[in-house]
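Have a look at the structure below before the remarks.
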Amino acid sequence: MKEKTRELMTVNLILFSILVLLAVFSFGSQGDVDVFRYSAEPIYKADIQDKEIGLMCNVYWGTEYIEPYLELLGQYNVKATFFIGGIWAAENPELVERMYMQGHEIANHGYNHKLASRNSAEVITEELLKTDRILQQICGVKPVLYAPPSGDFTKETLAAAQRNGYKTIMWSIDTIDWRDHDSAKIKRRIMNNAAPGAFILTHPTAETLSALKEVLPELIGQGYSFRTISQLLAK
């Protein structure tokens, strides 16, 4: 009797395993559900204790401020991560190349600033991959970080980014410099929230440059070192 019971349990276990595998393949065949969907989470900061911090710059416009932005970073030997819109990169390949050659990290910001919540996952994926191709053509290196335009994302677009080799990056310090053209406010938002592993979000504006001229030496004076986002995440 015990032997028959063990055999029955073994058969049931095998049948259960087969049913689980069939369910997995059934979901996967739909193209909408995959193992990445619920584990692809955006990253807002690096979980570190050292006084290291990341400077982000999202670029779709503000071309006239890119060169002075790069000059300022070079003055303080600060390495930043530039999240670049594909349409801007295609029009300004020499500036993208200059960023890369100066040791800054080049990252993906979508092609035409389309919002994930207003477009299908397929459209956003094509935006991501189109920009990927442009940046690789310019720099010869595949970007590994993706910042969704306006910080707008869905579970589907997070999964798509991960499937294509990207970590989705948000921020922990928002300067809101695209709206508030006030260098004092921009500086205050950074200095009041500076912390180990923080991601500082900026855009190329005159007021941002003015604020960074004070922020960079002050944070360095407080013992902070600036790292690219990938460098922070690697720690």
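The values are calculated or read from the model by the stated rules, or taken from the named source; none is laboratory data. Because the structure is a prediction, the values reported are computed rather than measured. Heads up, the Cβs are rebuilt from the backbone with ideal geometry, glycines too, and the neighbour counts pull from every protein chain shown. Keep in mind that these areas ignore ligands, DNA and RNA; they rest on the heavy atoms of the full protein, side chains included. Shrake-Rupley method; radii C 1.70, N 1.55, O 1.52, S 1.80 Å.
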Rolling a 1.4 Å sphere over the protein heavy atoms, what is the accessible area per residue of the range 117-164, to the nearest Å²? 48
Heavy atoms of the protein only, probe of 1.4 Å, neighbouring chains included. What is the accessible area of THR81 in Å², nearest 10? 0
With the crude spin-label approximation of a point 7 Å out along Cα→Cβ, what separation in nm comes out for LYS142 versus GLU214? 4.4
Would you mind calculating the relative contact order of the range 84-181 from Cα pairs under 8 angstrom and at least 6 residues apart, reporting the percent as a whole number? 28
Compute the FRET efficiency between ASP47 and GLU67 as 1/(1 + (r/R0)^6), taking r as their Cβ-Cβ distance and R0 = 25 Å, and round to the nearest 0.05. 0.15
What figure, in Å² to the nearest 10, do you get for the accessible area of TYR224 with a 1.4 Å probe and non-protein molecules left out? 20
